[in-house]
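One structure below.
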Amino acid sequence: MTLTDDIKKQANKLGFELVGIASVEDSQHMDMYRAWIESGSHGDMGYLSRRDTLARRADLKKTLPSLKAAIVVGHDYYQEDPAGIPDNQHRAVVARYARGPDYHSVIKKRLIKLHKWIESQVEDPIACRAYVDTGPILERELGVRAGLGWFGKNTMLINSKRGSYFFLGILLLDLELDHDDPFDSEHCGTCRNCLDACPTGALLGRDQSGAPVMDAQRCISYLTIEHRGYIPVELRPFMGNRVYGCDICQEVCPWNEKAAQIGTASAYQANAKLDGPALIELAEQLLKIDEEGFRELYRGSPVKRAKRVGLLRNVCISLGNWGIGDALPVLGLALKDHEPLVRGHAAWALGQIQSNRAKILLLPRILFEKDPRVREEIFLALIAFSD
């Protein structure tokens with residue numbers, strides 16, 4: 001047994017189902033990445049295009065100058081949907097990864113334990129950096145180099161024995177280790193399930209180099225989490241009842257149907273309030289609290305990233321897509337919310353319901369609303385009644 005073998009065994013003991021050692025040469029994907037950034041496909045995610053982070057993504061040694069090896073781990077998080085999700089339109093759908101506690105802290109704590117264990121084995125301090133989707137690192141490229149899988153057409157890292165429902169963690173080390181052979185092929189073949197199932201057409205297939213391409217500005221995960229402004233009107237109906245993230249491109253993947261493993265870590269068990277909550281009850285809850293209350297309510301949850309205004313915006317869209325009169329009272333309250341973004345999407349939702357009661361709620365607001373974008377949303381919603 002080598003030290004590399006012992007490290008892998010210890011990583012497994014810490015709960016990581018996948019572990020590999022990646023070489024640390026410069027990224028081979030930066031030309032594609034820069035072209036993607038220059039096309040604007042990253043949308044509002046400006047942190048992806050900063051000059052300093054581009055340099056660090058290209059060369060890991062700008063993050064850890066003495067870097068010699070990268071340990072890449074995978075942690076299963078798949079949980080089955082509760083009964084009726086996602087087809088029951090009166091219930092909100094939260095992406096599986098966000099139904100439990102925040103994975104960042106869960107995985108990082110285990111990576112730090114692994115680092116300390118390695119130091120105990122070599123009896124010497126080892127320079128280290130631990131990352132869980134928090135630093136300028138191309139994690140999936142390292143996953144391929146570590147032999148953990150290939151880039152699927154849905155841009156996910158896919159493992160033939162576990163599918164794609166796993167988080168990646170990275171431990172950069174100043175320690176010589178045996179590198180694993182990189183995964184040098186892809187097994188998506190002619191399958192187009194994810195491309196055809198994406199409601200908004202965000203997945204664009206592979207480029208000339210074979211890399212998967214996504215227009216993040218059309219991705220439901222991006223729209224519901226990272227995007228801070230108005231959701232484009234033409235994309236709102238495609239969101240359905242998904243209020244935070246989206247799993248569609250993973251749900252239709254044959255490799256997940258065949259190989260996805262239910263995550264056994266207690267840390268990823270779904271929180272009842274995020275496991276298909278009723279849309280109306282969720283909206284009522286959010287309307288009663290401010291941002292501070294929201295942070296407290298979702299403390300330790302990935303959902304806090306959307307902020308109150310973003311999650312409530314998404315819920316309004318889902319209520320409009322549901323399109324029944326039961327949603328009118330809560331949408332009427334949302335139409336008076338202190339956030340213009342919420343009021344604007346509530347107006348759109350009322351326009352989708354197409355009832356006299358919805359029209360009665362909208363008409364007075366056109367007189368009192370001061371925000372020009374909200375006024376436009378109200379006006380367009382009222383026009384819809386005459387169509």
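Residues in the stretch 179-199 that are in contact (Cβ under 8 Å) with a residue 12 or more places away in the chain, part of a loop (DSSP other than H, G, I, E, B) and either surrounded by fewer than 21 Cβ atoms within 10 Å (Cβ to Cβ) or assigned by TED's automatic domain parsing to the domain that holds Lys62 (or both): His179, Asp180, Asp181, Pro182, Ser185, Glu186, His187, Cys188, Cys191, Arg192, Pro199. Do you know which residues across the stretch 65-91 are of a type in the set (Asp, Glu) and more than 18 Å from Glu139 (Cα to Cα)? Selection gives Glu80, Asp81, Asp87.
Hey, could you check the stretch 363-387 for residues that are among the aliphatic types (A, V, I, L, M) and within 14 Å of Val342 (Cα to Cα) and say which is farthest from the chain's Cα centre (by Cα)?
Let us first name the residues in the stretch 363-387 that are among the aliphatic types (A, V, I, L, M), namely 363, 366-367, 374, 378, 380-384.
Subset that is within 14 Å of Val342 (Cα to Cα): 374, 378.
Working: Val374: 28, Ile378: 31 Å.
Only one residue tops the list, namely Ile378.
Considered as a group, the residues in the stretch 351-369 that are of a type in the set (A, V, I, L, M) and free of Cβ contacts under 8 Å to residues at least 12 places away in the same chain include one that is surrounded by the fewest Cβ atoms within 10 Å (Cβ to Cβ), and that residue is Leu367.
Residue by residue through the stretch 133-152, note down the ones that are among the acidic types (Asp, Glu) and farther than 16 Å from His29 by Cα. The answer is Asp133, and nothing else. Of the helices (runs of 4 or more DSSP H) lying entirely inside the stretch 282-382, those containing at least 2 residues that are in contact with a helix residue (DSSP H, G or I) (Cβ under 6 Å, 6 or more places away or on another chain) and closer than 27 Å to Gly245 by Cβ are 291-297, 307-322, 328-334, 340-353.
Given Ala83, Ala11, Ala58, which one is among the aliphatic types (A, V, I, L, M), at pLDDT below 95 and farther than 26 Å from Gly245 by Cβ?
Working: Ala83 fails: farther than 26 Å from Gly245 by Cβ; Ala11 fails: at pLDDT below 95.
Being among the aliphatic types (A, V, I, L, M), at pLDDT below 95 and farther than 26 Å from Gly245 by Cβ holds for just one of Ala83, Ala11, Ala58, which is Ala58.
Just to be sure before I move on: is Phe183 in contact with a strand residue (DSSP E or B) (Cβ under 6 Å, 6 or more places away or on another chain) and more than 23 Å from Asp247 (Cα to Cα) in the structure I sent? Yes: the conditions hold for Phe183.
Within the option set Ile262, Ile248, being surrounded by fewer than 17 Cβ atoms within 10 Å (Cβ to Cβ), of a type in the set (Val, Ile, Thr) and not assigned by TED's automatic domain parsing to the domain that holds Ile317 holds for one residue only, Ile262.
Per-residue answers, yes or no, for (1) buried (at least 19 other Cβ atoms within 10 Å of the Cβ); (2) over 30 Å from Met239 (Cα atoms):
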| position | (1), (2) |
| --- | --- |
| Leu148 | yes, yes |
| Arg162 | yes, no |
| Leu172 | yes, yes |
| Leu177 | yes, yes |
| Ser209 | no, yes |
| Ser221 | yes, no |
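Look at (1) in contact with an Asp or Glu (Cβ under 8 Å, 6 or more places away or on another chain); (2) exposed (fewer than 14 other Cβ atoms within 10 Å of the Cβ); (3) over 23 Å from Ile7 (Cβ atoms) and you find that Ala95 fails only one, number (2). Number of residues in the stretch 129-146 that are outside any helix (DSSP H, G or I), crowded, with 21+ Cβ neighbours inside 10 Å and not hydrophobic (A, V, I, L, M, F, W, C): the value is 1.
Of the listed requirements (1) within 13 Å of Ala92 (Cβ to Cβ); (2) modelled with pLDDT under 95; (3) of a type outside the set (Phe, Trp, Tyr), Gly300 misses just one: (1). For the stretch 221-266, a tally of residues being of a type in the set (A, V, I, L, M), touching a strand residue (DSSP E or B) at 6+ places or on another chain (Cβ under 7 Å) and in a helix (DSSP H, G or I) returns 2.
Run down Pro212, Pro237 and say which single residue is more than 15 Å from the chain's Cα centre (by Cα) and closer than 17 Å to Ser318 by Cβ. Matching residue, one of Pro212, Pro237: Pro237. Entry remark, the stretch 150-209: residues being among the β-branched types (Val, Ile, Thr) and over 25 Å from Val106 (Cβ atoms) number 2 in total. Residues that are over 18 Å from Leu60 (Cα atoms) and of a type outside the set (Gly, Ala, Ser): does the stretch 124-138 have at least one? Yes, the stretch 124-138 contains at least one residue that is over 18 Å from Leu60 (Cα atoms) and of a type outside the set (Gly, Ala, Ser).
Of all the listed residues (Ala283, Ala272), the sole one being small (Gly, Ala, Ser), crowded, with 23+ Cβ neighbours inside 10 Å and without any contact (Cβ under 8 Å) to a residue 60 or more places away in the chain is Ala283.
The values are calculated or read from the model by the stated rules, or taken from the named source; none is laboratory data. The model shown is predicted, which means the values in this text are computed figures rather than measured ones. Note that we place each Cβ from the backbone using ideal geometry, even for glycine, and neighbour counts take in every protein chain shown.
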